[in-house]
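A short write-up of the structure that comes next.
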Amino acid sequence: MSNLATIADNIQDVRENIARACAVAGRTSDDVTLIAVSKTKPVSAIIEALDAGITHFGENRVEEAALKVPEVKQQRTNLPTWHMIGHIQSRKAKAVATLFDVVHGVDTPKLALKLAEQAQLVGRVLPIMLEINISGEDTKEGFLAHGWETNNAVKAQLWQEFEAIMGLRGLSIQGLMTMAPFYDEAEATRPIFRSLALLREALSEHFKVVLPQLSMGMTNDYAVAIEEGATMVRVGRAIFGER
Ligand SMILES: *Cc1c(COP(=O)(O)O)cnc(C)c1O
């Protein structure tokens with residue numbers, strides 16, 4: 001990614017890296033959705049990416065998206081899918097439930113309930129991802145799942161929360177989302193992604209539900225995430241440059 005590279009060039013590079021990681025894992029690129037994270041970037045950059053074939057965008061602030069989503073709609077007829085990837089305050093649930101197509105950052109039962117209420121009010125079923133804190137860092141949002149494989153209390157709590165959210169009308173749990181800690185070596189993130197993939201398997205099996213999506217991997221670590229089963233990668237800087 002040089003300064004002269006265009007957004008279209010960057011997208012091409014990212015797509016090649018995705019294909020390579022899929023090949024390593026014996027998967028097909030069609031299984032991986034590239035979400036271009038356009039937070040802080042102008043609408044002109046989104047249009048460039050859209051014209052270069054991007055169909056999914058990620059934003060992390062409601063106010064910012066409320067400006068950008070309608071602007072994009074004015075400029076193009078091929079509308080992308082908008083993903084809310086940031087932390088959501090409950091009082092913004094209404095805006096989120098109307099503005100976004102998919103919500104990744106559902107991190108408390110209370111927020112899930114608010115989103116469910118709002119989705120029902122506008123007569124839709126909102127696809128959501130539960131944000132999971134695998135690493136246990138206290139700076140991270142998400143349902144605490146650090147050590148869930150061996151810690152029965154952590155597991156019991158998670159199972160209970162999952163069951164409650166599963167029962168909410170207005171929401172459809174599509175899968176799990178996580179953010180790995182920042183490490184110098186991307187390889188160090190592997191256990192985090194592997195643990196999330198195993199958690200998805202365990203929940204699917206226990207609750208007899210299909211959880212098609214694993215939203216994991218960002219600019220620094222998306223190749224590792226794909227090797228561990230990511231179906232959605234959220235890539236910002238590698239496409240749009242530094243923020
Ligand atoms: C900003 C952000 C990304 C993208 O990060 P990059 O390092 O720019 O690829 C992905 N996921 C979440 C939740 C983010 O906030």
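Below, the figures for the structure above:
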| quantity | calculated |
| --- | --- |
| Number of the exception - Y183 against (1) more than 17 Å from the chain's Cα centre (by Cα); (2) modelled with pLDDT of 95 or more | (2) |
| Residue selected from the stretch 208-225 under the condition out of contact with any Ser or Thr (no Cβ under 9 Å at 6 or more places or on another chain) and in contact (Cβ under 8 Å) with a residue 60 or more places away in the chain, by the criterion farthest from the ligand (Cβ to nearest atom) | A223 |
| Residues satisfying the stated conditions in the stretch 1-40, i.e. touching a His at 6+ places or on another chain (Cβ under 9 Å) and hydroxyl-bearing (S, T, Y) | T33 |
| Tally of residues being under 19 Å from D30 (Cα atoms), in a loop (DSSP other than H, G, I, E, B) and under 15 Å from the mean Cα position of the chain (by Cα) across the stretch 42-79 | 1 |
| Among (1) modelled with pLDDT of 95 or more; (2) within 20 Å of R61 (Cα to Cα); (3) not aromatic (F, W, Y), the one test that G105 misses | (1) |
| Candidate set: the stretch 117-161, residues that are in contact with a helix residue (DSSP H, G or I) (Cβ under 6 Å, 6 or more places away or on another chain) and part of a helix (DSSP H, G or I); chosen: the one farthest from L199 (Cα to Cα) | Q118 |
| Of residues in the stretch 226-238 being under 21 Å from G26 (Cα atoms) and assigned to a helix (DSSP H, G or I), the one farthest from the ligand (Cβ to nearest atom) | E227 |
| Among the candidates E187, E205, residue that is outside any loop (DSSP other than H, G, I, E, B), touching a residue at least 12 places away in the same chain (Cβ under 8 Å) and farther than 25 Å from N60 by Cα | E187 |
| Tabulated pairs, the stretch 229-243, first on the phi > 0 side of the Ramachandran plot, second more than 8 Å from the ligand (Cβ to nearest atom), C-beta under 6 angstrom, 6+ apart or interchain | G229/A197; G229/L214 |
| Qualifying residue in the stretch 8-16 (condition: under 30 Å from R194 (Cα atoms), crowded, with 21+ Cβ neighbours inside 10 Å and out of contact with any helix residue (DSSP H, G or I) (no Cβ under 7 Å at 6 or more places or on another chain)) | no |
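The values are calculated or read from the model by the stated rules, or taken from the named source; none is laboratory data. Source: prediction; values computed, not measured. Note that we place each Cβ from the backbone using ideal geometry, even for glycine, and neighbour counts take in every protein chain shown.
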